[in-house]
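The values are calculated or read from the model by the stated rules, or taken from the named source; none is laboratory data. The model shown is predicted, which means the values in this text are computed figures rather than measured ones. Positions of Cβ are generated from backbone atoms using ideal geometry, with glycine treated the same way; all protein chains shown enter the neighbour counts. When the accessible area is computed, the model is the full protein with side chains, heavy atoms only, and any ligands, DNA or RNA have been set aside. Shrake-Rupley method; radii C 1.70, N 1.55, O 1.52, S 1.80 Å.
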Amino acid sequence: MMAVTSACKDGGMKMQMDNGKYVRYTPEQVEALERLYHECPKPSSMRRQQLIRECPILSNIEPKQIKVWFQNRRCREKQRKEASRLQTVNRKLTAMNKLLMEENDRLQKQVSQLVYENSYFRQQTQNTNLATTDTSCESVVTSGQHHLTPQHPPRDASPAGLLSIAEETLAEFLSKATGTAVEWVQMPGMKPGPDSIGIVAISHGCTGVAARACGLVGLEPTRVAEILKDRPSWFRNCRSVDVLNVLSTGNGGTIELLYMQLYAPTTLAPARDFWLLRYTSVLEDGSLVVCERSLNNTQNGPSMPPVQNFVRAEMLPSGYLIRPCEGGGSIIHIVDHMDLEPWSVPEVLRPLYESSTLLAQKTTMAALRNLRQISQEVSQPNAAGWGRRPAALRALSQRLSKGFNEAVNGFTDEGWSILESDGVDDVTLLVNSSPGKMMGANLYANGVPSMSNAVLCAKASMLLQNVPPAILLRFLREHRSEWADRSIDAYSAAAIKPGPCGLLGSRAGNFGDQVIHPLAHTIEHEEFMEVIKIENMGHYREDMIMPAADIFLLQLCSGVDENSVGTCAELVFAPIDASFSDDGPILPSGFRIIPLDSRMDAPSPNRTLDLASALEVGPAGSRASGDNAGQSGNTKSVMTIAFQFAFEIHLQDNVASMARQYVRSIIASVQRVALALSPSRFGSNSGFRPPPGTPEAQTLAGWICQSYRCYLGEDLLKSEGSESILKSLWHHSDAILCCSLKALPVFTFANQAGLDMLETTLVALQDITLEKIFDDNGRKTLFSEFPQIMQQGFMCLQGGICMSSMGRPISYERAVAWKVLNEEETAHCICFMFINWSFV
């Protein structure tokens, strides 16, 4: 058979035969092959033979030759993509190097300034005793300085006064963006690199809160400025920006007077608003600058009266410095500097308004991420999910977030009004019957169609202790059945599509499991959108008609990365119809969890939540070590819950009662889950309390090791010092778990490996039964052999499969079970050790 070879660098027009000669493909042949390649880059042998039959121009080519052509074509495509990727990385590295050099220059200037100030103060100290009453020299200097200082231009509402304020704002902004006006420190957890969002820093010791970011985006400067000036399109906390006046300056710049409103992140604090001057200009080096600052009485500029339900905050000189980048794109410097008036909120919430880290995450980094997302959409316009373009999905996520913020804030100018309380102020109810909220979706009551003409919102905020927001939010997302009432989900879904639905408040119904749609789409870093399908098997009753129909939820999730410092975690969802359109009606509900740790702006060592590093265990009990007690024992976060329901206005009382009861049940479920997910620690400062009648952990550890030696004739631990038994047991590589001697055994203790295997905590462990972790075969084997454990004291089990509390299968090589005896030689519990376990 003739041998055929070809080089990857070949352009596809020729192939090499074994006699050394090249046979060229005709343009028609290449066109036919390219057409098939775009349809199927890797055709099967049958498909290649079919191609030869369908295209007569390929009839003189052997199937093996066509196979080689496709191999070479894939090789060239791979090389092209790799070359493009390397060019992009090289461009990013070049730009990043430029940014780092600028940052280095800034730091050198800062060092020089500090050295000068240090020298000056040292000289002043040395000359203190030499001071005289002769001030002639001082008079001369003062006179000279006065002569060199130009007279201040007018500062009022006139064009000249506004230009004076604008130029001053520009100078102060540039001194923060590229100078030393603010002492910047690297934001915890942020490391620059080609794949990073950029160089992010937060302020240290300045007025208010401030953040700065430098990065590279693949958009031209004018496009970058256009996007950033449209703040509501990318800043989720921005409710509106109204441009009240526009002035052109003689230098080609533009001055705008803006009124901006920001949403409040919780129900416990009022929203913020700003009265701003924005100045857009071009520098001599071609850089584009957009800078802003608040206008206040000290500047004698135009004023804006206070607005009801808003606290007037101050924006100190901030903005964007946008430089064109060689090879395309832009290098951007972002500075956000605000005084959010923390005095106006409860003391427990003040860290939200005093944290530069939160400002960086919610505002500064959000701007960079949005720019990078749009740049990616421009380069890959068809890379999206659900048949929608990326811009449409991004707009959809913005609608979800905005709808949730509207529900949390409940502004009166949007038509919201508060309903009377039932005497307990834990849940706030609001109703909105304005035309803007009328969805016009078909509802059915007892089979008679009607129109929903109002929306009710039930909202509340609660303080959480000692539970990481990311872990709690992930649990709420993955275990919806633990807190949600699916009959209410079914009603909410029916409210936005034609079809019969039941009366409110019913708890009956037969529902299947939650299914997450595989086409989850990442909107931006650490944020993704997905479709949830909840299978409804249908239910019929005299007072309720709920046919079998799947429930679909559009869901937005963010902040699930446990390694992010001070990250706000959100889970927002809305019922949708299966044929949902981009402009379809949505009523978002969900959860927002914001950390309240006031120390998250300062770099801190990694927290360790395991038993041994968090505790020093002694004979008299246990005590928490000082460092960890301060860091993990006092962590707080605030969770805000808001749920919206469409309804007919004459059913308002019924809906209000249902909504209030539903949100209270959710609060109770969240509190139970939060307690179970809190870091597991023994001691007086921990949330763990052993059940009544159980021994201290140190005593139990001794019983476990002593019984193991008694029944199996060897030591469980390598060393058993009086104060290290519990610590050694906790760090044992195999999973060790104890269960009670009851008709339905439940777990009472586990070491770290055991908790990891079951994917639970010491608190939640006590709700897991022994039979729950085994399948049917495992349970049969266990119960048939259980009497052997009680008679001879131990039993060895062959390897098999068990399940974690999250339902994940776990394989183990073998297991050992033994009876744990107390000091009176009576059985206290059964201990299991799973050896060499791993998730399947």
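Taking a quarter of the surface of the convex hull around the Cα atoms of segment 728-827, what do you get in nm²? Could you put the intermediate results ahead of the total?
Numbers: hull surface 26.5 nm².
Answer in nm², one decimal: 6.6.
Just to make sure I understand: if all protein chains stay in place, what is the order of Lys727, Lys78 by accessible area at 1.4 Å, largest first?
Lys78, Lys727
Report the gain in length on full extension from His732 to Asn297: 0.36 nm times residue separation, minus Cα-Cα distance, nm rounded to one decimal.
150.0 nm
Whenever you get a sec, compute what percent of the accessible area on segment 249-339 sits on carbon and sulfur atoms (1.4 Å probe).
Its accessible area is 50 percent carbon and sulfur atoms.
Could you please put Ile736, Ile52 in sequence from largest to smallest accessible area, using a 1.4 Å probe?
Of Ile736, Ile52, the descending order of accessible area is Ile52, Ile736.
In Å, what is the Rg of the alpha-carbon atoms in segment 202-323, and how long is Dmax?
Cα-based Rg and Dmax for segment 202-323 come out at 15.4, 47 Å.
Filter the chymotrypsin sites (Phe, Trp or Tyr not before Pro) in segment 255-327 to those in DSSP coil with at most 12 other Cβ atoms within 10 Å of their Cβ, and list the result.
In loop regions of segment 255-327 (DSSP not H, G, I, E or B), there are no sparsely surrounded chymotrypsin sites (Phe, Trp or Tyr not before Pro).
So how far apart, in nm, are the two label points at Met101 and Thr26 if each is 7 Å from Cα heading toward Cβ?
Spacing of the two 7 Å Cα→Cβ label points: 5.6 nm.
What FRET efficiency, computed as 1/(1 + (r/R0)^6) with R0 = 41 Å and r the Cβ-Cβ distance, is obtained for Asp767 and Ser233, rounded to the nearest 0.05?
Working: r = 46 Å, r/R0 = 1.11.
Between Asp767 and Ser233 the formula returns 0.35.
Express in whole angstrom the spacing between the alpha-carbon centres of segment 806-840 and segment 213-255.
62 Å
Would you rank Trp69, Trp703, Trp837 by solvent-accessible area, highest first, keeping every protein chain in place and using a 1.4 Å probe? Walk me through the numbers on the way to the answer.
Working: Trp69 10, Trp703 35, Trp837 60 Å².
In descending accessible area the options line up as Trp837, Trp703, Trp69.
Rounded to the nearest 0.05, what FRET efficiency is calculated for Leu463 and Asp715 with R0 set to 51 Å and r the Cβ-Cβ distance?
About 0.65, to the nearest 0.05.
Using amide H atoms built 1.01 Å from N in the peptide plane, name the residues 5+ places from Ala271, or on other chains, whose amide H lies under 5 Å from its own.
Those qualifying (amide H under 5 Å, at least 5 residues apart or on another chain) are Ala264, Val311.
Note down the accessible area of His828, probe 1.4 Å, to the nearest 10 Å².
50 Å²
Taking the radius of gyration and the Kirkwood hydrodynamic radius from Cα positions alone, what is the Rg/Rh ratio for segment 701-781, to two decimal places?
Rg divided by Rh gives 1.00.
What distance in nm lies between label points placed 7 Å from Cα along the C-beta direction at Lys109 and Ala171?
Taking the two extended label points, one gets 1.4 nm.
How large is the accessible surface of Met790 in square angstrom, using a 1.4 angstrom probe and rounding to the nearest 10?
Counting only protein heavy atoms, the figure is 70 Å².
Which entries of Lys742/Lys772; Lys42/Lys533; Lys362/Lys533 have Cα-Cα distances beyond 24 Å here?
From Lys742/Lys772; Lys42/Lys533; Lys362/Lys533, over 24 Å: Lys42/Lys533; Lys362/Lys533.
With every protein chain present, what accessible area does Tyr711 have (1.4 Å probe, heavy atoms only), rounded to the nearest 10 Å²?
That residue has around 50 Å² of solvent-accessible surface.
Given 0.36 nm per residue, what is the gain on full extension from Ser59 to His204 after removing their alpha carbon distance, in nm? Working shown, then result.
Working: separation 145, 0.36 × 145 = 52.20 nm, distance 7.41 nm.
The span from Ser59 to His204 would gain 44.8 nm if fully extended.
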